[in-house]
Amino acid sequence: MSYFQLLFSYLLWHYTVAWSDLYRLYRNFSWFLWNFFSIKILLGTFFSPWHRLREGARKETAGFLGSFIINLILRCVGLVARSATILTGLASLVLLAVFFVAFVALWPLLPLLVFISIANGIIGLASFSFYGPR
């Protein structure tokens with residue numbers, strides 16, 4: 001296989017098939033983040049007590065009131081912890097979307113960037129001197 005044929009095959013892949021691969025990669029990352037942060041599960045258990053901890057109610061009034069207050073505090077702790085996790089997961093998804101849009105915008109320019117980098121390196125080597133800059 002000649003270098004010209006390899007270059008042509010790469011450019012053909014880069015500007016045709018790679019777009020669907022990039023979209024599939026974005027879908028996989030977003031699926032991972034959604035499931036890593038368990039957003040659907042956390043929304044379903046949003047007002048549940050933290051780690052399912054509960055204080056059993058006693059028969060007397062003071063014990064019942066104390067159990068109610070402790071259960072309310074545990075629910076508030078669970079709400080805060082779940083809110084922080086959900087917000088972190090949603091922020092990660094938004095950040096992924098922003099980076100994906102930027103990457104898709106830069107994708108067509110990447111082969112050109114390789115050639116510019118090679119040319120810049122050759123020019124830099126040509127102007128290199130052991131006796132200091134020219």
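The values are calculated or read from the model by the stated rules, or taken from the named source; none is laboratory data. Only a predicted model underlies this, so the values are computations on that prediction, with no experimental measurement involved. In case anyone asks, the SASA skips ligands and DNA or RNA and just uses the protein heavy atoms, side chains included. Shrake-Rupley method; radii C 1.70, N 1.55, O 1.52, S 1.80 Å.
Whole-Hz Karplus values for segment 101-106 come out as 4, 5, 5, 5, 5, 8 Hz, taken residue by residue from phi with 6.51 cos²θ - 1.76 cosθ + 1.60 and θ = phi - 60°; glycine and proline positions read x. Helix 18-36 and the longest principal axis of the C-alpha atoms of the chain enclose an angle of approximately 20°.
At a 1.4 Å probe radius, carbon and sulfur cover how many percent of the accessible area of the chain? Could the numbers behind the result be given before it?
On the way: 8090 of 10780 Å².
Roughly 75 percent, rounded to a whole number.
Using a 1.4 Å probe, what is the accessible area per residue for the chain, in Å²? Show your work: numbers first, answer last.
Values: 10780 Å² over 134 residues.
I get 80 Å² per residue for the chain.
Estimated purely from DSSP H runs of n ≥ 4, each contributing -39500 (n - 2.57), the mean residue ellipticity at 222 nm for the chain is -25000 deg cm²/dmol once divided by its residues.
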